[in-house]
């Protein structure tokens, strides 16, 4: 236990980031201890996706350190961070559009690609996420729900040590969402962080919420507790109403 | 019959060039205008080896592949530092001009505009591979190896990662794929492949000078790949055969010599335009996609909106 505490699956210490003088992250500390799923929540522009990009090496923070199981990730390239077992999905899918569903899942597997065990693992994962029937379909021809599931299959095949999901449930049909939720809940050993706008999804999946606003962590605790706080709801739905976030959420709930 | 055999061997050289360019464009998404130059590198390397060292064909092929691959490094490494595809095209143009100039001016090695000639007939295990049937057979063996090699590469894990990088480099790198490194590798392999074609050229023609390895040659190869259909198995092969056969066939038509060049060029250009109009994705291109489109509609139909 103490080893986990000393070397947590993911630790962000004092991360700050600014774009042309505008601070998007200020002194963010987050520790993911691998106990349940953690949701990053906050209004648009709170810095959730920026934090993901900082963790995964797509952006270099102005200050701060990111580490995973005691190994520093800061300054590493995106592919090196994947090499440490930290994987992510993208809000805008970023599938390999001209490749088939199966090929999408097989990217980055290298020499293990033709191994029997790998092929069986790919088969099982496609089956689990309801993608087996589409395995030969090009990613660009997939419906949205299946495309979302594919982004998750594409990272799960690598047996990540830490997984970051950027809006995994957004815009999904019910069946696809249920497949996804079941697959995530089944992986209790996998430290999982998600960025999510839809609070129903957050309640369904996450046991802990880290609430960001204006690039700062303003609350961090159990999901029920955080989501029932009125002050945070006011931030989330726009102070006094009428902010873009509230409409986004209204849209999500339709 | 010598004319026919020359057309066949140079046609096969064109197939190798088209396959090499398709590995770059179709698999890696990199467009290079320097293919013709690597063709020349192979021809010069083979000529030099045959003139000064040994008449062995296999040695010349191996040396040409290595030379072509190594020479690609100073060109692709800086060109690929920029993530923009256009930079790669421009860099390949610049590289083609530089190497073309070297062919023409490095008199002590390349013979300048006079070129290199008078080298012995190539051999394999002391059997002479003279222009004509023996060289045709050797060329067929080589082109089969090249096509098989390209297909193996394109279908390997390496090729898959390259195609993924072509589609979305950022997503590929998030899965641990080192895109820049793969692109350098593919450019080296494709350049080595193009140099193999040059060896056939030198063996068939028996004479190498700068005029055969120009940007015009690169353009013609690009036309072969695009007309045949990018990234398809038969595309570059069909394109290369067609664009070799058309001009060759036109020479058999009896035309007043005064208009020969004009009519040949116009007919050639017209045929290309017609193919582009009739089959914009190339002759062999898009066939697979048509089949995909005929699959049940439910795959592409979007289900409902946000309902969670």
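Residues checked against (1) closer than 18 Å to residue A:218 by Cβ; (2) surrounded by fewer than 18 Cβ atoms within 10 Å (Cβ to Cβ):
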residue	(1), (2)
A:9	no, no
A:14	yes, yes
A:20	no, yes
A:24	yes, no
A:28	yes, no
A:38	yes, no
A:41	yes, no
A:58	no, no
A:61	no, no
Checklist entry - Within the bounds of region B:203-214, is there any residue that is under 16 Å from the mean Cα position of the chain (by Cα), surrounded by fewer than 20 Cβ atoms within 10 Å (Cβ to Cβ) and not in a helix (DSSP H, G or I)? => result yes
Checklist outcome for this item: Considering region B:244-259, residues that are out of contact with any helix residue (DSSP H, G or I) (no Cβ under 7 Å at 6 or more places or on another chain) and not in a helix (DSSP H, G or I), and then whichever is farthest from residue B:17 (Cα to Cα), we arrive at B:256
Item to check | Residues being part of a helix (DSSP H, G or I) and more than 19 Å from residue B:96 (Cβ to Cβ) - total across region B:20-64 | outcome: 16
Checklist entry - Looking at region A:77-100, which of its residues are under 19 Å from residue B:156 (Cβ atoms) and either within 7 Å of chain B (Cβ to nearest Cβ) or crowded, with 24+ Cβ neighbours inside 10 Å (or both)? => result A:79, A:96, A:98, A:99
Checklist entry - residue A:66: modelled with pLDDT of 90 or more, facing chain B (nearest Cβ under 8 Å) and in contact with a helix residue (DSSP H, G or I) (Cβ under 8 Å, 6 or more places away or on another chain), yes or no? => result no
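Those residues that are assigned to a helix (DSSP H, G or I) and either buried (at least 21 other Cβ atoms within 10 Å of the Cβ) or within 13 Å of chain A (Cβ to nearest Cβ) (or both), I need them from region B:147-160; list them, please. Walk me through how you get there before you give the answer.
Kept after step one, since they are assigned to a helix (DSSP H, G or I), are these residues of region B:147-160: B:147-155, B:157-160.
Those that are assigned to a helix (DSSP H, G or I) and either buried (at least 21 other Cβ atoms within 10 Å of the Cβ) or within 13 Å of chain A (Cβ to nearest Cβ) (or both): B:150, B:152, B:154, B:155, B:157, B:158, B:159, B:160.
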Next on the checklist: Tell me which helices (runs of 4 or more DSSP H) are completely within region A:115-187 and hold 1 or more residues being in contact with a strand residue (DSSP E or B) (Cβ under 9 Å, 6 or more places away or on another chain) and on the phi < 0 side of the Ramachandran plot, or say none if there are none.
Outcome noted: A:144-156, A:174-186
Checklist entry - Does residue A:149 satisfy the condition of being over 30 Å from residue A:66 (Cα atoms), more than 8 Å from chain B (Cβ to nearest Cβ) and under 21 Å from the mean Cα position of the chain (by Cα)? => result no
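Go over the candidates B:113, B:117 one by one and state the one that is more than 14 Å from chain A (Cβ to nearest Cβ) and in contact with a strand residue (DSSP E or B) (Cβ under 7 Å, 6 or more places away or on another chain). Let's see the steps before the verdict.
Values: B:113 fails: in contact with a strand residue (DSSP E or B) (Cβ under 7 Å, 6 or more places away or on another chain).
Only one candidate qualifies: B:117.
State the number of residues belonging to region B:264-286 that are more than 14 Å from chain A (Cβ to nearest Cβ) and either surrounded by 14 or more Cβ atoms within 10 Å (Cβ to Cβ) or at pLDDT below 50 (or both). Spell out how you get there, then give the answer.
First, the residues of region B:264-286 that are more than 14 Å from chain A (Cβ to nearest Cβ): B:264-280, B:282-284.
Those left that are additionally either surrounded by 14 or more Cβ atoms within 10 Å (Cβ to Cβ) or at pLDDT below 50 (or both): B:264, B:267-268, B:271-272, B:275-276, B:279, B:282-284.
Residues flagged as more than 14 Å from chain A (Cβ to nearest Cβ) and either surrounded by 14 or more Cβ atoms within 10 Å (Cβ to Cβ) or at pLDDT below 50 (or both) within region B:264-286 amount to 11.
Looking at B:290, B:253 in this structure, which one is farther than 24 Å from residue B:12 by Cα, more than 12 Å from chain A (Cβ to nearest Cβ) and modelled with pLDDT under 75? It would help to see each step written out before you state the result.
Values: B:253 fails: farther than 24 Å from residue B:12 by Cα.
Only one candidate passes the filter, namely B:290.
From the list B:38, B:95, pick out the single residue that is surrounded by 22 or more Cβ atoms within 10 Å (Cβ to Cβ), in contact with a helix residue (DSSP H, G or I) (Cβ under 7 Å, 6 or more places away or on another chain) and over 28 Å from residue B:140 (Cα atoms). Talk me through it step by step, then tell me what you get.
Working: B:38 fails: over 28 Å from residue B:140 (Cα atoms).
That would be B:95, the only listed residue that is surrounded by 22 or more Cβ atoms within 10 Å (Cβ to Cβ), in contact with a helix residue (DSSP H, G or I) (Cβ under 7 Å, 6 or more places away or on another chain) and over 28 Å from residue B:140 (Cα atoms).
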Item to check | Subset of region A:101-117 [more than 7 Å from chain B (Cβ to nearest Cβ) and within 22 Å of residue A:52 (Cβ to Cβ)] | outcome: A:104, A:105
Checklist entry - For residue A:163, are the conditions met, namely being within 12 Å of chain B (Cβ to nearest Cβ) and buried (at least 24 other Cβ atoms within 10 Å of the Cβ)? => result yes
Checklist entry - Would region B:161-178 turn up any residue that is touching a strand residue (DSSP E or B) at 6+ places or on another chain (Cβ under 9 Å), in contact (Cβ under 8 Å) with a residue 40 or more places away in the chain and more than 7 Å from every other protein chain (Cβ to nearest Cβ)? => result no
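The values are calculated or read from the model by the stated rules, or taken from the named source; none is laboratory data. For clarity, every value in this text was computed on a predicted model and none was experimentally measured. Positions of Cβ are backbone-derived with ideal geometry, glycine not excepted, and every protein chain shown enters the neighbour counts.
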